[in-house]
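Remarks on the structure that follows.
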Amino acid sequence: MVAQVIDGKAFAAKVRAQVADQVAKLKEENGITPGLAVVLVGEDPASQVYVRSKGKMTVEVGMNSYEHKLDVDTSEEDLLALIAKLNNDPAVHGILVQLPLPKHLNEDLVINSIDPAKDVDGFHISNVGLLGTGQKSMVPCTPLGCLMMLRDHHGSLSGMDAVVIGRSNIVGKPMAQLLLGDSCTVTIAHSRTKDLPDVVRRADIVVAAVGRPEMVPGDWIKEGATVIDVGINRIERDGKNKLVGDVDYASAAERAGAITPVPGGVGPMTIACLLANTLTACCRANSLPEPEGLTA
Ligand code: NAD
């Protein structure tokens, strides 16, 4: 079997176009422009790149982008004061604090100071609890993007066996909750899992979110399974820098029914879902119907 490639880049462009349409409608019919505030503390080069592209895409879909760049030695008090100001600003519907934060800042404290209704990353403890109990919440962007691609490919996921490799709060755990919400039978595998190949071989859906280059070989993949590769790993091969996933793409593509490439799979969906979450937050804040197909 040769796998169908799930084109995350094209799918993300479709999601962004859908968001842009809804934003135009909100402006025209309700005089509202959704706004996303992104807070960056320090000068981590990767974070700077992410924040720049988030800001650019926010503007491209017609939303207002508010960037707050703070010094690396900003005090917790000052950061919390900025978040309190953004929480109270009616023009701001989504707030994202770029992680990781410098070591002297308490990430949990900072994230939990964001108004949960504006927590477009879905990391606030209230949103984690709401997702875990199957209630309306803000859903973390990367797993939401994975879910959208799976739903698009399969229609219903009900009754499918899904394995999520990785148990992080950002990807693995919320991904498992979302799959459970769509009635999959879910296994969460992690660094202490015994016989990972056997666990993966049983899965109709494999979501790999580990951060280890090409650790899942094709012969772990059940014939016809759908493989969602969240991993982004920089490696050097043949003297060149390359991005690879957690799955060995070439061998997995020979057995899978469908697979996301790296790059061009899950990655582009993450920012598209951030924009979708900002739109959802804006609609909720204004008691307007939520956009269809853009939430969990
Ligand atoms: P993390 O380091 O927080 O978690 C990794 C998880 O992998 C842990 O739960 C650990 O138990 C598990 N693990 C480690 N070694 C293992 C092994 N040998 N076998 C099985 N499980 C093992 O990472 P994260 O934040 O969840 O990110 C995972 C990967 O996804 C990284 O490559 C990251 O860059 C990528 N990522 C991509 C996006 C995106 O937009 N595409 C977003 C977030 C993260």
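The values are calculated or read from the model by the stated rules, or taken from the named source; none is laboratory data. The structure displayed is predicted, hence computed values, not measured ones. Note: ideal-geometry Cβ built from the backbone for every residue, glycine included; neighbour counts use all protein chains shown. With ligands, DNA and RNA removed, areas are computed over all heavy atoms of the protein, side chains included. Shrake-Rupley method; radii C 1.70, N 1.55, O 1.52, S 1.80 Å.
So, counting K/R as plus one and D/E as minus one, what does the shell of residues with Cβ under 12 Å around VAL266 add up to?
On the way: positive: LYS9; negative: ASP7, ASP229, ASP246.
Result for the neighbourhood of VAL266: -2.
Normalising the average separation of contacting C-alpha pairs (under 8 angstrom, six or more residues apart) by the number of residues puts the relative contact order of the chain at 22 percent.
Treat every Asp and Glu Cβ in the chain as -1 and every Lys and Arg Cβ as +1, leave all other atoms uncharged, and give the resulting dipole magnitude about the Cα centre to the nearest 20 debye. Please list the in-between numbers first.
On the way: 28 positive and 36 negative charges, 73 e Å.
Charge dipole of the chain: 360 debye, to the nearest 20.
Seen against the Cα atoms of the chain and their longest principal axis, helix 266-285 is set at about 40 degrees. In this simple spin-label model, placing a label point 7 Å from the Cα along the Cα-to-Cβ direction at both LYS9 and ASN233 gives a separation of 2.2 nm. Within the range 193-296, the GluC sites (Glu not before Pro) that combine a DSSP coil assignment with at most 16 other C-beta atoms in a 10 angstrom radius are GLU223, GLU254, GLU292.
Would you mind calculating the relative contact order of the range 31-115 from Cα pairs under 8 angstrom and at least 6 residues apart, reporting the percent as a whole number?
On the way: 113 pairs, mean separation 35.3, N = 85.
Once divided by the residue count of the range 31-115, the mean separation gives 42 percent.
For MET138, the solvent-accessible surface computed with a 1.4 Å probe is close to 10 Å², ligands and nucleic acids excluded. Within the listed set VAL49, VAL92, VAL39, the residue fluctuating most in the Gaussian network model of the chain (springs between alpha-carbon atoms under 10 angstrom) is VAL49. Placing unit charges on the Cβ atoms of the charged side chains and taking the dipole of the range 43-83 about its Cα centre, the candidate lying farthest along the positive direction among GLN48, THR74, VAL59 is VAL59.
Pairs from the list LYS27/LYS85; LYS25/LYS136; LYS25/LYS69; LYS118/LYS242; LYS56/LYS222; LYS9/LYS194 with a Cα-Cα gap above 29 Å: LYS25/LYS69; LYS118/LYS242; LYS56/LYS222; LYS9/LYS194.
When a 1.4 Å probe is rolled over the protein heavy atoms, the share of accessible surface on the range 31-115 that falls to carbon and sulfur comes to 52 percent.
Calculated mean residue ellipticity at 222 nm for the chain: -12500 deg cm²/dmol, from DSSP H runs with n ≥ 4 weighted as -39500 (n - 2.57), summed, divided by the residue count and rounded to 500.
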